[in-house]
Amino acid sequence: MIFKMPTHYFLTAGASEGYTRLNAFDGALLQAGIGNTNIVKMSSILPPRCQQLSSIDLPPGALVPAAYAAITSDVPGEIISAAVAIALPEDENQNGLIMEYSGKGERRQIEETVRTMAVEGMMLRGWEIKDLQSIAMECNVANIGTALAAVVLWSPD
Amino acid sequence: MIFKMPTHYFLTAGASEGYTRLNAFDGALLQAGIGNTNIVKMSSILPPRCQQLSSIDLPPGALVPAAYAAITSDVPGEIISAAVAIALPEDENQNGLIMEYSGKGERRQIEETVRTMAVEGMMLRGWEIKDLQSIAMECNVANIGTALAAVVLWSPD
Amino acid sequence: MIFKMPTHYFLTAGASEGYTRLNAFDGALLQAGIGNTNIVKMSSILPPRCQQLSSIDLPPGALVPAAYAAITSDVPGEIISAAVAIALPEDENQNGLIMEYSGKGERRQIEETVRTMAVEGMMLRGWEIKDLQSIAMECNVANIGTALAAVVLWSPD
């Protein structure tokens with residue numbers, strides 16, 4: 001393997017205003033507790049038997065694989081939301097499926113969509129779902145705002 | 001090095017309809033045989049002496065570096081295609097060059113373009129081409145469809 | 001950790017014309033000295049005590065984490081620029097912050113913006129800045145041109 005297999009994961013989310021679009025994104029990562037790491041975006045699988053943690057104390061500057069949804073808007077008053085969902089399989093030898101979704105609209109609606117996406121993805125695989133987890137974040141934009149939700153993978157040692 | 005040097009590669013492609021744009025993308029990855037891995041996008045070099053395989057049995061959830069082209073459309077009846085090409089060098093100490101291209105249009109035309117792109121990239125380096133490989137996928141969109149083509153890198157042990 | 005912690009970094013930039021948008025991007029990577037590697041995009045932290053080098057002789061085909069800004073235009077006569085900045089902390093146990101910015105406009109203006117973004121990001125963290133580094137590249141587009149600026153992370157052994 002090129003990269004080590006992730007063994008642990010956690011769900012997190014954040015929202016922030018910022019001086020520019022990237023500053024707002026940076027602030028949302030900070031609020032989610034992953035703003036001082038190097039996020040490497042990946043598509044979007046939870047390895048079999050990956051263990052959930054409530055949070056992980058990531059070393060500053062570490063390269064961290066994550067699946068995330070993020071949306072940034074510079075339209076004052078706009079409501080934007082980002083959400084991720086994980087469908088966990090009945091069969092523990094199978095992997096879980098992560099889905100990401102973001103858009104204009106309230107948190108509840110965006111989270112509902114991403115949960116349905118994860119269910120659809122497991123149906124496509126013909127796999128039974130044991131558990132469906134999700135997290136979402138809403139941002140009511142003042143000037144430039146970002147909403148972000150992420151599944152972060154990790155291997156502690 | 002931060003990451004291990006890839007030693008093997010394979011070409012693959014897929015197309016799928018889906019409930020959302022991301023579900024269609026997920027389905028295309030599945031059809032390409034890489035839908036249960038964590039694809040990490042990279043730009044776009046084949047290491048020297050990398051060995052081609054017809055396919056690789058990737059561990060579910062593994063982090064897998066890949067160069068890929070993907071296009072998704074929600075316009076029923078639209079024809080979209082994605083293609084990748086690899087130009088392999090005469091001098092085995094040099095690396096190969098991967099190019100990705102996608103757009104509206106038929107497979108043949110998109111694949112032709114990506115092959116020319118790889119040839120142009122080798123000309124820019126002043127390197128002789130030993131072999132030119134490519135793969136392409138076409139999708140005639142029903143509701144929401146994705147076409148995807150990829151070069152996947154790997155190191156088996 | 002999934003990935004090794006980077007220990008060294010360098011700043012680089014390039015600009016190029018190309019046969020397609022991706023060829024122009026490839027040419028800009030080549031001019032920046034990183035065109036024969038596999039760039040893995042990450043967001044955007046300099047690990048604590050990371051050492052600066054003027055350049056690094058990267059193995060061809062290696063997977064290389066980098067934070068970069070890039071902009072491509074196919075509007076002849078348009079002036080585009082890309083820039084990255086690193087704010088280094090007073091406290092050597094803290095990480096540095098990398099910001100990326102690109103847009104239409106001259107190099108000086110884009111570089112000024114990205115430097116302010118890095119300062120703002122450190123203010124958000126409440127951290128003192130020891131040094132502010134940046135690099136920028138301008139491209140006066142002939143047919144299809146790319147400007148690119150990058151912070152490349154590495155670990156030599």
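Here is how the numbers come out for the structure above:
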quantity	calculated
Number of positions in the stretch C:128-157 that are in a loop (DSSP other than H, G, I, E, B), touching a residue at least 60 places away in the same chain (Cβ under 8 Å) and open to solvent by 10 Å² or more (accessible area, probe 1.4 Å)	4
Lone unmet requirement of (1) within 12 Å of another protein chain (Cβ to nearest Cβ); (2) more than 18 Å from the chain's Cα centre (by Cα); (3) open to solvent by 40 Å² or more (accessible area, probe 1.4 Å) for B:Thr7	(2)
Some residue of the stretch A:37-59 being free of Cβ contacts under 8 Å to residues at least 24 places away in the same chain, more than 9 Å from every other protein chain (Cβ to nearest Cβ), of a type outside the set (A, V, I, L, M) and open to solvent by 10 Å² or more (accessible area, probe 1.4 Å)	yes
Filter result (part of a strand (DSSP E or B), open to solvent by 10 Å² or more (accessible area, probe 1.4 Å), away from chain C (no Cβ under 11 Å) and within 21 Å of B:Asp131 (Cβ to Cβ)) within the stretch B:85-108	B:Leu88
In the stretch A:10-33, residue most open to solvent (accessible area, probe 1.4 Å) [restricted to those that are hydrophobic (A, V, I, L, M, F, W, C) and in contact with a Gly (Cβ under 8 Å, 6 or more places away or on another chain)]	A:Leu30
Some residue of the stretch C:13-31 being touching a Pro at 6+ places or on another chain (Cβ under 8 Å), more than 8 Å from chain A (Cβ to nearest Cβ) and at pLDDT 95 or above	no
Test for C:Ala82: is it at pLDDT 95 or above, within 14 Å of chain A (Cβ to nearest Cβ) and either touching a Gly at 6+ places or on another chain (Cβ under 6 Å) or open to solvent by less than 10 Å² (accessible area, probe 1.4 Å) (or both)	yes
Members of the stretch C:126-141 that are within 17 Å of the chain's Cα centre (by Cα) and among the aliphatic types (A, V, I, L, M)	C:Leu132, C:Ile135, C:Ala136, C:Met137
Test: residue in the stretch C:109-124 that is away from chain B (no Cβ under 14 Å), open to solvent by 50 Å² or more (accessible area, probe 1.4 Å) and within 27 Å of B:Leu46 (Cβ to Cβ)	no
Any hit, the stretch C:63-72, residues being of a type in the set (S, T, N, Q) and within 14 Å of chain A (Cβ to nearest Cβ)	no
Residue in the stretch A:51-63 that is at pLDDT 95 or above and acidic (Asp, Glu) present	no
Residue that is nearest to C:Phe3 (Cα to Cα), among those in the stretch C:60-79 that are open to solvent by less than 10 Å² (accessible area, probe 1.4 Å) and more than 14 Å from the chain's Cα centre (by Cα)	C:Leu63
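The values are calculated or read from the model by the stated rules, or taken from the named source; none is laboratory data. Computed from a predicted structure; not experimentally measured. No Cβ is skipped: glycine too gets one built from the backbone with ideal geometry, and neighbour counts run over all protein chains shown. The protein model used for the area step is the full one, side chains on, heavy atoms only, and it has no ligands, DNA or RNA in it. Shrake-Rupley method; radii C 1.70, N 1.55, O 1.52, S 1.80 Å.
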